[in-house]
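Asker: Below is the structure I would like to discuss, written out as structure tokens.
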Amino acid sequence: MNQTLALLVRAFRSESRDIKSHLVRGGLVLVILLLFLVHVSEMQNSTAPGRTMFQWMTWANWALITFAGGAVFSVAISEETEQQTLGLLRMANIGPLSLLLGKWLPRLWVAFLLVSAQFPFTWLTITLGGVSWEQISASYMLLLAHLFFVGNLALFCSVWRQDNASAGAWTFSLLVLWRVGPLLLWGLAELLAEVHLFPQELARSLGELVGRHNRCTATGSMTLDLLRTSFSGGIWTDQVISSLGMGALLFGLSWVLFDRLTLRHLMGGVSSTVPLIQKLMQGGSRRSRRVWNWAIGWKDFRQVAGGKRSIILKLSLYALVTMGVIAFYIAESGSPYIHLPEILGGVLSWVILVIVLPLELGSTAAKLFRPELKDQTWSTLLTLPKSVPEIAYSKLGGALLGLIPTLCVLFLALTPFLVDIIEELARDPEVMLGFAYAFSVIILCLHAITYFSITVGWAATPIAMILGVVTTGATQIIPWIGFAFLAMAFSGSGEQALFYLWMMMFTAANLMGTGVVHWSIGKELSAKGAAS
Amino acid sequence: MSQPIIEVEKVTHLFKDHRALNGISFEVAAGTLHGFVGPNGAGKTTSLKLICTLLKPQTGRIRVFGKDVRTDVKEIRQKLGYMPDHFSMYKQMTVYEYLDFFAAAYGHVAKRREVIVGDVLALTDMEGRKDDLIQGLSRGMQQRVSLARVLVNDPDLLLLDEPASGLDPRARIELMEILRELRRMGKTIFISSHILSELAELCDSVTIIDRGMTKYSGPMDDLLYAQGDQPVFRLRIEVDPDQWSTRLSVLPGVTAVEPVEGKPEFRLTVESVEVDANAILAELLTMGVPIAGFQRDQRKLNDAFMDLTERGVRT
């Protein structure tokens with residue numbers, strides 16, 4: 001107990017001294033304030049302005065818990081492993097439970113402080129009307145349970161993995177798998193059942209089971225249900241119970257398996273990045289592979305993009321999604337022929353453009369230089385007879401090879417809509433401007449992620465991604481608020497022209513900002529090479 | 001002295017308000033093994049980074065192979081190998097992949113790389129471990145791989161920052177053997193180390209720096225034998241040394257006789273550098289002294305280092 005308290009006190013002390021946590025809390029309040037400003041006109045016309053605002057707050061909280069929570073909890077134990085202090089803590093007779101609680105509770109406290117920073121806005125939503133105390137307490141309970149689940153999943157990954165980046169990556173991968181894995185399995189079962197390779201009855205039972213799992217894990221959409229006017233339930237929904245149950249189970253697993261999982265890290269020599277099976281089979285040796293003449297590209301294709309194995313894995317996953325969609329389509333429509341390419345293309349494009357590509361691009365940007373700086377290999381690379389840009393772009397080239405499967409599948413998925421897209425682009429300048437603007441935001445965001453990954457010491461891959469997205473988002477929100485006010489002043493015929501002008505200015509500003517960040521990245525990389 | 005391969009002239013380097021180097025100057029001749037010594041915080045690593053072009057000198061001039069480190073970066077890097085004081089390796093690669101990767105990065109084609117990697121593996125005695133993952137190797141083995149990496153571009157100049165740090169005695173001795181072999185192959189080796197006894201044995205020349213300033217730079221022998229105007233000889237007597245103690249003071253040209261504590265030895269200080277050592281030895285034989293050894297007294301590098309560097313904490 002004393003040991004847990006000692007760890008807690010240490011964590012609280014560093015938390016209160018750390019400017020970052022105060023900034024994060026301030027940042028969240030600012031985001032809510034901005035959401036409020038952005039939707040002020042919408043709320044004026046709404047009969048329940050309090051509900052509209054609370055809904056936005058709930059979504060902001062849900063996103064924060066899922067992404068920031070996952071990132072923060074996933075480094076709880078792995079940061080000690082990475083800094084090689086875990087052994088020292090264990091030598092001080094601090095047991096697994098004390099360690100877990102000592103590292104877990106302060107983070108929960110941080111989350112509580114984040115929620116408490118929003119209380120004034122919660123009061124405001126009640127005053128504005130349209131949302132009841134019951135709905136508010138049910139929403140907060142749902143968020144708390146979601147935090148408990150995400151936090152414990154991340155804690156488990158933190159115990160299991162040896163470094164922060166790997167723990168973060170596994171946390172988010174398991175979160176996605178937990179949400180969509182059963183759906184994919186069910187899709188596959190339906191497809192196989194359709195061609196009589198799987199029992200129909202079993203596929204139906206699996207469907208019911210997956211449906212129940214889907215209801216329990218859909219915490220994001222549940223926040224919407226809780227705020228319906230027809231809401232009459234209590235705080236103990238299925239989602240809350242299942243999230244709390246899974247969270248407790250994962251905490252128990254982290255505790256029970258703590259020694260087993262961390263012992264290999266303490267013994268040293270076992271890296272998280274080398275599969276265990278490979279080590280068992282080959283005892284730390286394997287057949288050396290031939291390096292390409294494009295050496296740096298080869299290295300980063302393997303180390304950042306995951307190499308050939310990762311390409312095969314991605315293609316297999318896309319094949320699985322395709323089969324799932326086809327199975328679902330056949331099960332729903334009964335006919336495999338009409339509109340299948342469009343539906344399949346639509347689903348795949350949506351999955352790639354909304355989930356896979358942003359994650360792949362973000363993680364590539366975050367992982368491009370950080371491991372080199374962390375492992376101090378960057379200075380060795382800089383002694384090659386090549387300039388910093390030559391090395392950096394070679395690395396980028398190699399890492400981008402990992403996107404080939406995703407881009408190929410995206411191209412195939414978009415094929416049914418290609419003519420429409422081109423026609424739309426040619427016909428409507430607004431669409432073209434929209435594309436250019438979106439492109440400029442994405443490029444700026446990727447640069448921001450790379451910049452944070454090399455300059456912020458505590459920003460492991462997921463945190464660098466979050467910082468990059470939040471910073472870029474903040475730079476975009478403020479000018480759009482300005483536009484909203486200007487549009488009100490220019491309402492009428494000039495509004496469209498103002499919109500085009502504003503859009504072009506934004507795009508240009510984003511590209512200029514990207515140039516500045518790009519230059520700063522180069523400067524930082526040169527400095528870091530000399531410093532390490 | 002042969003043509004200098006490294007020329008450092010009045011180099012000053014500041015990190016914010018900390019002066020890491022304060023007008024440092026020295027030269028390293030081609031084909032020599034040059035030691036670089038100094039207390040922690042003296043500016044050794046900064047000097048090495050300047051020489052290997054990772055940093056640019058703020059004032060002063062550094063020339064490597066006669067080329068300026070500010071402008072001729074690629075030409076210098078092509079002929080130079082730098083081994084930092086930390087293990088910075090891609091530990092998920094095998095030894096062969098790691099070396100093949102750097103050989104390819106230096107622009108060698110696949111066939112040539114096979115030969116190069118084979119050669120450096122043989123030189124560092126790592127052929128049997130070529131398919132091992134680097135992360136599974138011991139510290140000494142990893143240091144060998146690091147050294148092998150430095151050799152893949154067949155550099156004329158090797159810059160080694162604390163290569164023996166953290167190694168066990170066997171690994172240290174083996175590393176020193178490899179360095180001797182490299183010197184025999186005509187490489188110039190610039191080595192920073194804290195293990196002074198080994199440097200004294202290994203190096204032809206040495207530079208001692210402290211607080212960013214050069215305290216000594218020149219041949220190792222000159223440093224170890226430099227004793228001012230009155231040289232000292234060391235005499236070892238085989239039988240009953242005490243009886244000779246008073247009789248030795250009558251030797252011609254000898255001004256002081258000092259017994260060495262715990263050893264059957266005497267330190268004989270002579271009047272000037274002009275006194276002939278052979279004449280003293282002849283006189284000792286005439287006197288019938290049972291001589292077991294007679295040699296010019298040599299300081300240890302440790303003593304020279306302590307004399308030349310200042311006490312106190314470096315920032």
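Here, each number is a calculation from the coordinates, and none is a lab measurement. Model, not experiment: these values are computed from the prediction. Cβ sites come from the backbone with ideal geometry, for glycine too, and all protein chains shown count toward neighbours.
Asker: Under the Karplus relation 6.51 cos²θ - 1.76 cosθ + 1.60, θ = phi - 60°, what is the ordered set of whole-Hz ³J(HN,Hα) values for the stretch A:235-243, x standing for Gly and Pro?
Answerer: Once rounded to whole Hz, the list reads 8, 8, 7, 4, 4, 5, 5, 5, 5.
Asker: Still on this structure, I have one more. In terms of modelled amide H atoms, which long-range or inter-chain residues lie less than 5 Å from the amide H of B:Ala256?
Answerer: Long-range HN contacts for B:Ala256: B:Thr269.
Asker: Consider a paramagnetic label point 7 Å from the Cα of A:Thr47 along Cα→Cβ; state which residues of the stretch A:111-148 have an amide N under 15 Å from it.
Answerer: A:129-131
Asker: Can you list the lysines whose alpha carbon is less than 19 Å from that of B:Lys215, not counting same-chain residues fewer than 8 positions off?
Answerer: Partners found: B:Lys10, B:Lys44, B:Lys300.
Asker: What is the diffusion coefficient of the stretch A:1-268 in µm²/s, taking the Kirkwood radius over Cα pairs and the Stokes-Einstein relation at 25 °C with a viscosity of 0.890 mPa s?
Answerer: Result for D is 120 µm²/s.
Asker: Same structure, new question: Give me the mean projected area, in nm² to one decimal, of the convex hull enclosing the Cα positions of chain B. Walk me through the numbers on the way to the answer.
Answerer: Values: hull surface 80.2 nm².
Reported value for the Cα convex hull: 20.0 nm².
Asker: Calculate the dipole size of the protein assembly as shown relative to its Cα centre from +1 charges on Lys and Arg beta carbons and -1 charges on Asp and Glu beta carbons; express the result in debye to the nearest 20.
Answerer: 800
Asker: Follow-up question, since we're still on this one. Can you sort A:Tyr393, B:Tyr216 from fewest to most other Cβ atoms within 10 Å of each residue's own Cβ?
Answerer: If I rank by nearby Cβ atoms, fewest first, I get A:Tyr393, B:Tyr216.
Asker: If you don't mind, another one. How big is the stretch B:1-156 along each principal axis, measuring the range of its Cα positions in Å and listing the largest first?
Answerer: Largest first, the stretch B:1-156 extends 47, 30, 27 Å along its Cα principal axes.
Asker: Quick one: Cα centre-to-centre distance for the stretch B:141-195 and the stretch A:65-123, in angstrom?
Answerer: Using only Cα atoms to place each centre, the spacing works out to 44 Å.
Asker: To the nearest 500 deg cm²/dmol, what mean residue ellipticity at 222 nm is calculated for chain B from DSSP H runs of n ≥ 4 alone, each contributing -39,500 (n - 2.57), summed and divided by the residues?
Answerer: The per-residue figure over chain B is -9500 deg cm²/dmol.
Asker: Scan around B:Asp132 for amide H atoms under 5 Å from its own, H built in the peptide plane at 1.01 Å from N, and keep only partners 5 or more places away or cross-chain.
Answerer: When sequence neighbours closer than 5 places are left aside, the close amide H contacts are B:Val95, B:Tyr96.
Asker: Further question: In whole Å, what are the extents of the protein assembly as shown along the principal axes defined by its C-alpha atoms, from largest to smallest?
Answerer: 121, 65, 63
Asker: Which residue fluctuates most in the GNM of chain B (Cα springs below 10 Å): B:Gly60, B:Gly262, B:Gly31?
Answerer: Maximum among the listed residues: B:Gly262.
Asker: Put a dot 7 Å past each Cα toward the Cβ at A:Met505 and B:Asp17; how far apart are the dots in nm?
Answerer: 4.3
Asker: Quick one: if you stick a label point 7 Å off each Cα along the C-beta vector at A:Leu263 and A:Ile355, how many nm between them?
Answerer: Label at A:Leu263, label at A:Ile355, 3.7 nm between them.
Asker: Using 1/(1 + (r/R0)^6) with R0 = 41 angstrom and r between the beta carbons of A:Trp294 and A:Leu30, what's the FRET efficiency to the nearest 0.05?
Answerer: Result of the calculation: an efficiency of 0.35.
Asker: Within the stretch A:369-388, find all residues whose amide N lies under 12 Å from a label point positioned 7 Å from the Cα of B:His194 along Cα-to-beta-carbon.
Answerer: Backbone N within reach: none found.
Asker: May I ask you to work out the translational diffusion coefficient for the stretch A:378-532 at 4 °C, viscosity 1.567 mPa s, via Stokes-Einstein with Rh from the Kirkwood sum over Cα pairs, reported in whole µm²/s? Walk me through the intermediate numbers first.
Answerer: Numbers: Rh = 18.4 Å.
Translational diffusion coefficient: 70 µm²/s.
Asker: Here's something else I'd like to know. In what order do B:Thr207, A:Thr472, B:Thr246 fall by count of nearby beta-carbon atoms within 10 Å, going from fewest to most?
Answerer: On the way: B:Thr207 27, A:Thr472 22, B:Thr246 9.
So the ranking, lowest neighbour count to highest, is B:Thr246, A:Thr472, B:Thr207.
Asker: Run a plain Debye calculation on the stretch B:232-298 (Cα atoms as equal point scatterers, no solvent) and give log10 I(q)/I(0) at q = 0.26 Å⁻¹, rounded to two decimals, same order as the q list.
Answerer: Computed log10 I(q)/I(0) values: -1.32.
Asker: Non-local amide H neighbours of B:Met213 (under 5 Å, H modeled in plane, Pro and chain starts lacking H): which ones?
Answerer: B:Asn22
Asker: Further, regarding this structure: Kindly state, to the nearest 0.05, the FRET efficiency for B:Glu177 paired with B:Glu75, given R0 = 41 Å and r defined as their beta-carbon distance.
Answerer: The value I calculate is 0.85.
Asker: While we're looking at this one, here's another question. Please list, or write none, the lysines whose alpha carbon is within less than 17 Å of the alpha carbon of B:Lys130, excluding same-chain residues fewer than 8 places away.
Answerer: Leaving aside lysines fewer than 8 places away in the same chain, those within reach of B:Lys130 are A:Lys279, B:Lys91.
Asker: Taking the Cα centre of the stretch A:295-415 as the origin and placing charges on Cβ (Lys, Arg +1; Asp, Glu -1), which of A:Ile404, A:Leu384, A:Ala365 is farthest toward the positive end of the dipole?
Answerer: In the stretch A:295-415, that residue is A:Leu384.
Asker: Summing -39500 (n - 2.57) over the DSSP H runs of n ≥ 4 in chain A and dividing by its residue number, what mean residue ellipticity at 222 nm do you reach, to the nearest 500 deg cm²/dmol?
Answerer: -26000 deg cm²/dmol
Asker: Pop out the Kirkwood hydrodynamic radius of the stretch B:173-315 from its pairwise C-alpha distances, inverse of mean 1/r, in Å to one decimal.
Answerer: Details: mean 1/r = 0.0563 Å⁻¹.
Hydrodynamic radius (Kirkwood, Cα only) of the stretch B:173-315 equals 17.8 Å.
Asker: List the relative contact order of the stretch A:428-532 as a percent without decimals, with contacts defined as Cα pairs under 8 Å and 6+ residues apart.
Answerer: On the way: 69 pairs, mean separation 43.0, N = 105.
RCO, the stretch A:428-532: 41 percent.
Asker: On to the next question. On full extension of the chain, what length is gained from A:Arg309 through A:Asn214, given 0.36 nm per residue of separation minus the C-alpha to C-alpha distance?
Answerer: 31.2 nm
Asker: Through the Karplus equation 6.51 cos²θ - 1.76 cosθ + 1.60, θ set to phi - 60°, convert the phi angles of the stretch A:188-204 into ³J(HN,Hα) values in whole Hz; use x for Gly and Pro.
Answerer: 5, 4, 4, 4, 5, 5, 4, 9, 6, 9, 8, x, 4, 4, 5, 4, 5
Asker: From the backbone phi of the stretch B:19-26, what are the Karplus-calculated ³J(HN,Hα) couplings (6.51 cos²θ - 1.76 cosθ + 1.60, θ = phi - 60°) in whole Hz, Gly and Pro given as x?
Answerer: Using θ = phi - 60°, the values come out as 8, 6, 10, 10, x, 6, 9, 5 Hz.
Asker: Shifting gears a bit: Need one number: nm distance between label points at A:Trp59 and A:Ile241, each 7 Å from Cα along Cα→Cβ, rounded to one decimal.
Answerer: For A:Trp59 paired with A:Ile241, the spin-label model returns 3.0 nm.
Asker: Compare B:Asn153, B:Asn40, B:Asn278 in a GNM of chain B, Cα atoms joined below 10 Å, and give the one with the largest fluctuation.
Answerer: B:Asn278
Asker: Sort B:Leu50, A:Leu320 so that the residue with the fewest other Cβ atoms within 10 Å of its own Cβ comes first and the one with the most comes last.
Answerer: By the 10 Å Cβ count, ascending: A:Leu320, B:Leu50.
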